[in-house]
1. Under the 0.36 nm per residue contour assumption, what length would be gained going from the current alpha-carbon distance of LEU288 and THR348 to full extension?
2. Once Rh for segment 322-396 is found with the Kirkwood sum over Cα pairs, what is the Stokes-Einstein diffusion coefficient at 25 °C and 0.890 mPa s, in µm²/s?
3. Hey, if you put +1 on the Cβ of every Lys and Arg and -1 on every Asp and Glu Cβ in the chain, which of LEU80, VAL61, ILE311 ends up farthest toward the positive end of that dipole?
4. Output the antiparallel fraction of DSSP beta bridges having both residues in segment 102-233, as a percent to the nearest 5.
5. On full extension of the chain, what length is gained from LYS321 through SER218, given 0.36 nm per residue of separation minus the C-alpha to C-alpha distance?
6. Calculate, axis by axis, the spread of Cα positions in segment 101-234 along the three principal axes, and write the results as whole Å, longest axis first.
7. Let a ≥ b ≥ c be the square roots of the eigenvalues of the Cα gyration tensor of segment 224-274; is it rounded (a/c under 1.5), or, if not, prolate (a/b larger than b/c) or oblate?
8. Nearest 0.05, what FRET efficiency do ARG397 and GLU95 give at R0 = 22 Å with Cβ-Cβ as r?
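A short reminder: the numbers here are calculations on the coordinates, not readings from a lab. Just so it is clear, the model here is predicted, and its values are computed rather than measured. Backbone-built Cβ (ideal geometry, glycine too); neighbour counts: all protein chains shown.
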Amino acid sequence: MPAAPNPTTTRSATSSQSARSASSITSGVRLLIWTPEASTPPRGTQRLMELPNNPNQVGPVCLVTGANGYVGKHLVRRLLELGCEVRALDLAAFEGDPRVTSIAGDSPRMSDMGPACEGVDTVFHVAAIINTLTLARPSVREQVYGVNVAGTECVIRACKAASVKKLIFTSSITVAVDRPIREGDETAPYVGTDGLPDLCSQTKSKAEKLVLEADDPSGLRTAAVRPGGVWGPGEGAIMVRDFLEHLAAGQFKVTIGDGTSVTDNVHVDSVVDVHFLVAQKLTDDPDLVAGEAYFVSDDEPTNPVVWYRPIVEGLGYSWPKMHIPRPGAYAFAYLGEVAHYFGGPFPTVTRRGVLSICRDASFGVDKARAHLGYEPRTSAAEGIPKLMDDFRATHDRFKAAQ
């Protein structure tokens, strides 16, 4: 009965998330980015966003942990396009581009991270386990904490030992969401570490704090990027892939909640943009951005279920007319978590999943605009139609596998 994808236990980083150039070309490349209030760019709202166009502004030698994950792969691709020398660390070898130095390793192991960081200028730490359980078996909790928290501690130690200049952590909007929040900003407190917060929110908040506290004006400079739900081309975006799997299985029959809550999603290209902008600023103006976190989104708060409507109808389905109120969905999710705790399958929806659908969780990008010059790449209304062929191919693959 899921109304939207429920992130299952996914290790999209450490599991299953070119040559060094000394020449300076220009200070950046200008892209025309419009701030969408509607599905077409209104006149007079175009803004200029300067992105690095020189590998020295970002790296030039970069390591991406969790390189086989969705964001990790897009980071690797864009770093290569920029001309950086790229190392990709993940449990499985990185395939698809001979220019990448693939390192089969695990971020919680110093024996893997130490050598991987030698000679590196910038580390993008994307590796994580995404698990939204609140009630979790001790073995599951230990695994998630081991990768997300202990793994981050190991990355920090390896960076310092190898004299890495910059460490940028891929965090999450959820590190600041333990209550309804609309039009929030980076002053929002971290979620608690006990009780209600799910494993992903708990561990991501702990890891982010470790990274930001590790900032050293005389050594390693650090910052964090907090994306909302990430979408874009291909099959790797969890929020789209999981939803299409449910849709193909005929499981999208009802919606959850009253449709009034809003949250933030973000195109993967915008996520990479902010990573690049932060990396550049850590060199050009470190006192401004070092030790700071930045929300990144498409800057169009949207109901997390309604966001999928163009995809559903574009694939020929009717939008469900029935909905389940939040209390009923939350109780169902709780029972699913209890069953999983005692050996059952991963629940169809977790309590965190229900709250993500039914409770406001939206933050502005004013800080990213002011400090980094960030502007969103696209809107859902503009971007989703361009990706319908990708979405249809993923849907049809799930359908054929039934």
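1. On the way: separation 60, 0.36 × 60 = 21.60 nm, distance 4.29 nm.
Result: 17.3 nm gained on full extension.
2. Working: Rh = 16.1 Å.
D, rounded to a whole number, is 152 µm²/s.
3. Looking along the dipole axis, the top candidate is ILE311.
4. Details: 0 of 9 bridges.
Within segment 102-233, antiparallel bridges account for around 0 percent of the total.
5. Values: separation 103, 0.36 × 103 = 37.08 nm, distance 5.90 nm.
Value of the extension gain: 31.2 nm.
6. 43, 34, 34
7. On the way: a/c = 3.71, a/b = 1.46, b/c = 2.54.
It is oblate, given that a/c is not under 1.5 and a/b is not larger than b/c.
8. Details: r = 19 Å, r/R0 = 0.88.
In this case the efficiency is close to 0.70.
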